[in-house]
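Below is one structure; the comments refer to it alone.
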Amino acid sequence: DLRSYGFRAEQIFPCGIPIAAAFQEVPRRAEALQALGLSAKSPVVLIMGGGLGLGGESFALEALETLAMQLQIVVVAGKNQSLLAQARGFAGKSHHKVLVFGYTDRVREFMAAADLLISKPGALTISEALAMGLPMLLHEPIPGPEAENAVYEAGEGTAVWLRAGEALAPAVQTLLSQPARLNAMKEQANICRRPQAAHDIVEAIVGQLRQEK
């Protein structure tokens, strides 16, 4: 696209979106599960909506409650206090095991433990998930860039994009019942991951500055 606007190939650096350096290393899943008090015997579903707790997390929790299969659900409500209270109330009556967190710096640990991420396709969240090799179920994108993110990730095979009107619970059950498909999504995520994006961006800038001198 940039080349169609007149940019030369040597002016374009597809580095990826910068994320924290900690995401360059994937924690051992067994250690992440133990730290959270979770079991390897039941699927772990991570529900996030970015730092503001957007993206229909309450809707996702209600949908997952209809599934008979036993799940372990980690909910990150971010700074959304209303969502935090709702999720904690839900956790007390769910037949699933539900852990609820507000704004946290443990996302890397949560992603290492999870089998599937349910989230709106925010750029930072999906970049971190790719770095962790975590399959994604994306829904409720903010029109514009997030919708384009969903299209891209679905096209790359790293995510399933749940479009308006499509039911969340059956999609989750289908994915969790197909280990081979989840493994394929994980492999694609490992191909697309750019955990060193921040470093590569700095290198590109420094390289350009050196050329100008």
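The values are calculated or read from the model by the stated rules, or taken from the named source; none is laboratory data. These figures come from a predicted structure and were not determined experimentally. Backbone-built Cβ (ideal geometry, glycine too); neighbour counts: all protein chains shown. Areas reflect the complete protein model, heavy atoms only, side chains present, ligands, DNA and RNA absent. Shrake-Rupley method; radii C 1.70, N 1.55, O 1.52, S 1.80 Å.
Report the residue count in region 164-186 for those that are within 17 Å of the chain's Cα centre (by Cα) and exposed (fewer than 13 other Cβ atoms within 10 Å of the Cβ).
Matching residues across region 164-186 total 1.
Only residues in region 192-208 that are among the small types (Gly, Ala, Ser) count as the first member; pair them with residues that are surrounded by fewer than 14 Cβ atoms within 10 Å (Cβ to Cβ) and part of a helix (DSSP H, G or I), Cβ under 9 angstrom, at least 6 apart or cross-chain, and list the lot.
Ala198/Ala21
Here's the yes/no breakdown for (1) surrounded by 22 or more Cβ atoms within 10 Å (Cβ to Cβ); (2) in contact with a helix residue (DSSP H, G or I) (Cβ under 6 Å, 6 or more places away or on another chain):
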{"site": "Gly102", "(1), (2)": "no, yes"}
{"site": "Arg108", "(1), (2)": "no, yes"}
{"site": "Ala114", "(1), (2)": "yes, no"}
{"site": "Gly122", "(1), (2)": "yes, no"}
{"site": "Leu130", "(1), (2)": "yes, yes"}
{"site": "Leu138", "(1), (2)": "yes, yes"}
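For (1) at pLDDT below 95; (2) of a type outside the set (S, T, N, Q), each residue gets a yes or a no:
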residue	(1), (2)
Ile142	yes, yes
Ala159	no, yes
Gly165	yes, yes
Leu175	no, yes
Gln188	no, no
Lys213	yes, yes
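Show me the strands (runs of 3 or more DSSP E) entirely contained within region 86-198 in which 1 or more residues are of a type in the set (D, E, K, R).
97-101
Which residues, taken from region 1-17, are loosely packed, with under 11 Cβ neighbours inside 10 Å, more than 31 Å from the chain's Cα centre (by Cα) and not in a helix (DSSP H, G or I)?
Gly6, Arg8 - these are the residues of region 1-17 that are loosely packed, with under 11 Cβ neighbours inside 10 Å, more than 31 Å from the chain's Cα centre (by Cα) and not in a helix (DSSP H, G or I).
Looking only at region 18-43, count how many residues are among the hydrophobic types (A, V, I, L, M, F, W, C), surrounded by 14 or more Cβ atoms within 10 Å (Cβ to Cβ) and part of a loop (DSSP other than H, G, I, E, B).
Of the residues in region 18-43, 4 are among the hydrophobic types (A, V, I, L, M, F, W, C), surrounded by 14 or more Cβ atoms within 10 Å (Cβ to Cβ) and part of a loop (DSSP other than H, G, I, E, B).
Provide a single number: the residues in region 60-85 that are open to solvent by less than 90 Å² (accessible area, probe 1.4 Å) and assigned to a helix (DSSP H, G or I).
8
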